[in-house]
1. Just the residues that are surrounded by 15 or more Cβ atoms within 10 Å (Cβ to Cβ) and part of a loop (DSSP other than H, G, I, E, B), please, taken from region B:145-158.
2. Any idea which residue in region B:40-89 is surrounded by the fewest Cβ atoms within 10 Å (Cβ to Cβ), counting only those that are touching a helix residue (DSSP H, G or I) at 6+ places or on another chain (Cβ under 8 Å) and under 28 Å from B:VAL104 (Cα atoms)?
3. Among the numbered criteria (1) crowded, with 19+ Cβ neighbours inside 10 Å; (2) more than 10 Å from every other protein chain (Cβ to nearest Cβ), which single criterion is violated by A:VAL62?
4. So how many residues does region B:470-485 have that are surrounded by 14 or more Cβ atoms within 10 Å (Cβ to Cβ) and closer than 17 Å to B:ALA285 by Cα?
5. Taking region A:170-191 only, how many residues are within 8 Å of chain B (Cβ to nearest Cβ) and of a type in the set (Asp, Glu)?
6. Could you look through region B:178-201, keep only residues that are more than 16 Å from B:THR241 (Cβ to Cβ) and β-branched (Val, Ile, Thr), and pick out the one that is surrounded by the most Cβ atoms within 10 Å (Cβ to Cβ)?
7. Under 28 Å from B:GLY76 (Cβ atoms), in contact with a helix residue (DSSP H, G or I) (Cβ under 9 Å, 6 or more places away or on another chain) and either not in a loop (DSSP other than H, G, I, E, B) or not β-branched (Val, Ile, Thr) (or both), is that true of B:ASN167?
Amino acid sequence: MKRKRVPIYTGFERFWHWTQAILILFLAFTGFEIHGSYTFFGFEEAVRYHSVAAYLLLALIVFAIFWHFTTGEWQQYVPTLKNIRAQLDYYLFGIFRNAPHPTRKSVLSKLNPLQRITYFSLKVFLIPLAVVSGLLYMFYRYPTRYGIEAINIGSLKFIALAHTVGAFLLVAFVILHVYMTTTGETVFSNLRAMITGYEESEEPATLSSMEGQQA
Amino acid sequence: MVKEMKQAVPILAAIALVVAVAVVSALAPKDVPPPPLAQLKEQYTKKQNPSVDHSKFPQLQRAFTRPQEVTEACIGCHNGRHLEVMNSNHWRWEREEYIKGRGVVYLGKRNAVNNFCLAAAGNELACAKCHVGYGMESVKTFNFNDPRNIDCLVCHDGTATYAKGQNMGGAPAPSVNLTRVAQSVGRPTRNNCGVCHFYGGGGNNVKHGDLEEAMFEPTREVDVHMAVDGANMQCVDCHTTEKHNIRGQLYSLSSMNRNRVTCEGCHTSTPHEDDLLNEHTLKVACQTCHIPTYAKVNATKTYWDWSTAGRLRDGKPYEEEDAEGNIIYTSLKGTFEWGKNLKPEYVWFNGTAEHYLLGDKVDDPTKPVILNRLNGSYADPDAKIFPVKVMRTKQTFDPVNRTLVALKLFAPKPGEGAFWKDFEWLRAAEVGMKERGLPFSGQISFIETEAYWPLNHMVAPKEKAVACSECHTRNGSRIASLRDFYIPGRDRSPKVDTLGRWLLILTLLGVAAHGGLRAAASIRRRRGG
């Protein structure tokens with residue numbers, strides 16, 4: 001078997017991923033301080049940092065959305081049921097028997113069917129939940145301030161609770177996500193790919209390829 | 001499909017651009033006018049120069065024997081001014097107030113019941129020390145239409161030597177040199193207002209907590225506005241006055257949201273550079289953050305128990321003081337508690353109040369009677385969180401008629417039923433209620449009452465303002481008692497938090513189990529080959 005160096009992640013993708021990772025972790029850390037779970041920066045500073053990080057994340061999301069649509073990369077996240085059974089079987093059974101990955105990663109298809117569903121949910125439900133509730137959190141006063149009674153939001157309570165729910169789900173995602181990075185060819189091969197952009201692998205027999213699905 | 005995608009690119013690019021512009025403009029600093037603090041400082045530190053020198057007027061070059069002669073001399077030039085004074089609360093001791101559910105009532109010192117000395121009416125000879133008039137023996141007999149009894153000097157004295165006598169119905173103390181005082185008159189200073197307003201309740205800082213003799217010459221730490229080492233503002237700089245109608249009112253005797261002095265009047269409702277702080281002003285009064293503590297220099301009375309009054313030693317009334325010289329027991333009044341450097345309590349307040357008026361039936365005598373309920377709630381768009389001093393008292397109550405009882409306290413001599421001379425509860429209650437034309441059953445007990453005093457003075461330097469974390473905290477929040485809304489840091493949904501915590505625990509456990517099994521499988525493989 002010969003070793004193969006496969007390009008997986010572009011420069012922007014890696015920049016986007018790591019910046020987003022840092023921002024989300026920082027937002028979670030400052031956010032749970034604001035929530036009252038612990039004291040580190042102090043409430044005032046935590047709020048300040050949380051707001052700055054929130055704006056940075058918004059800007060990053062805008063760029064990422066632009067990138068996904070201009071490059072067509074958004075298609076990577078369209079959920080599919082094809083091979084999902086094989087993928088589930090792999091994580092539940094095959095992985096313990098050292099079975100090969102049922103799907104192969106390439107620059108054209110870097111997400112397995114489970115990842116597709118997960119990241120699709122993340123992008124379409126979870127991040128919007130956090131972002132929209134976060135924006136409302138910051139700006140829910142503005143209707144009142146400008147005297148528009150009809151769109152006045154009476155209470156912060158439901159906004160804050162939605163934001164808290166989003167935060168818990170995101171942290172759970174991060175835990176799961178970090179663990180899943182260890183399920184690659186080797187424990188660190190996925191992590192290395194997200195850093196270098198390339199995945200190094202001993203070329204295995206291809207069980208299946210997602211390439212056929214690309215439009 | 002690829003072709004369609006390519007056509008979509010410019011559209012999507014345009015959308016992304018619009019979103020980017022929106023985000024950037026949200027980030028950009030807003031056009032907030034600079035805080036007018038610098039202008040205000042300039043405006044209020046200008047020295048007030050009187051336009052005339054009263055000591056030069058021939059009308060005042062004479063000896064005055066009676067204070068009424070001074071008033072006549074004043075009116076001789078300032079004709080018409082007396083009509084303004086006679087229309088003021090300082091003179092009338094009452095004003096027209098609309099109280100929801102009660103209609104228009106006349107409320108003031110004439111008829112109010114409080115939880116200090118209970119009522120002024122019936123005790124006028126003593127209480128009229130704080131009336132801008134002379135010769136008030138009883139509000140029933142006092143001629144409120146005689147301008148000669150107006151006390152111009154108590155407000156306009158420029159020598160700081162004028163003082164009203166004890167139990168003299170508002171007349172000046174015999175030691176006052178009326179001629180000297182009359183020649184000194186001018187714009188009222190902190191001294192003029194302070195001689196009454198700092199000593200309400202019969203001693204320094206007894207009533208307000210935020211108005212006391214330290215305010216004659218306060219440091220910046222005590223009050224940024226009046227500080228002698230700062231803006232050195234006088235009371236009337238904020239309590240602006242037109243035709244002797246002085247702006248500002250106290251809610252122990254006011255019900256309506258009118259004629260108030262507001263911080264916003266000078267500072268605007270968005271005085272901070274930080275937008276997040278400015279947003280607080282929708283629901284939080286300036287005073288809430290900027291008056292972190294009150295009674296900063298001398299203690300204020302916080303609790304009064306009338307039920308212990310009347311104990312005598314060797315048949316004589318006595319007093320006890322604490323280490324700082326505050327009276328903690330007097331036979332005349334009962335037991336007191338005092339507090340210094342106090343954190344305010346906080347209430348929602350929309351500028352209107354309801355009042356317990358003497359004669360009102362108490363619905364539930366097991367709960368404290370609130371003498372002046374400040375109205376408001378989170379849902380009320382006019383209400384803001386306000387700092388208050390709450391005065392708590394155990395005072396006389398008629399358990400049969402279920403009304404508070406105002407006692408006859410002061411009389412010049414024993415035998416007239418005055419508690420302070422005779423120490424007889426039932427007689428003092430009987431006379432006190434009879435003087436007001438109210439029924440008394442002949443039985444007396446004691447009931448807890450509360451009075452709410454909004455705090456407006458002793459504004460601290462901005463560095464000393466209440467910090468975010470003093471309210472936004474789970475434990476010991478300053479506004480822990482206000483539960484009708486959600487604030488970050490203090491509040492949470494226990495349900496959401498519990499579910500969230502379990503989600504994280506189960507995720508970690510799941511990951512650990514999966515990883516553990518993988519490791520075990522890998523070891524077994526390696527061993528087994």
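Values quoted throughout were computed directly from the atomic coordinates according to the rules given, and no laboratory measurement underlies them. Small disclaimer: the values here were computed from a predicted structure and weren't measured. Because the Cβ atoms are built from the backbone with ideal geometry, glycine has one as well, and the counts that use them run over all protein chains shown.
1. Of everything in region B:145-158, those that are surrounded by 15 or more Cβ atoms within 10 Å (Cβ to Cβ) and part of a loop (DSSP other than H, G, I, E, B) turn out to be B:ASP146, B:ASP151, B:CYS152, B:ASP157, B:GLY158.
2. Filtering region B:40-89 for residues that are touching a helix residue (DSSP H, G or I) at 6+ places or on another chain (Cβ under 8 Å) and under 28 Å from B:VAL104 (Cα atoms), the one surrounded by the fewest Cβ atoms within 10 Å (Cβ to Cβ) comes out as B:LEU83.
3. Answer for A:VAL62: the failing condition is (2).
4. Residues that pass the stated criteria total 8.
5. Residues that pass the stated criteria total 0.
6. So, considering only residues that are more than 16 Å from B:THR241 (Cβ to Cβ) and β-branched (Val, Ile, Thr), the one surrounded by the most Cβ atoms within 10 Å (Cβ to Cβ) is B:VAL181.
7. No, not satisfied.
Conditions (1) farther than 20 Å from A:GLY134 by Cβ; (2) within 16 Å of the chain's Cα centre (by Cα); (3) assigned to a loop (DSSP other than H, G, I, E, B), marked per residue:
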{"position": "A:ALA21", "(1), (2), (3)": "no, yes, no"}
{"position": "A:PHE26", "(1), (2), (3)": "no, yes, no"}
{"position": "A:ALA46", "(1), (2), (3)": "no, no, no"}
{"position": "A:HIS50", "(1), (2), (3)": "no, no, no"}
{"position": "A:ALA54", "(1), (2), (3)": "no, yes, no"}
{"position": "A:THR80", "(1), (2), (3)": "yes, no, yes"}
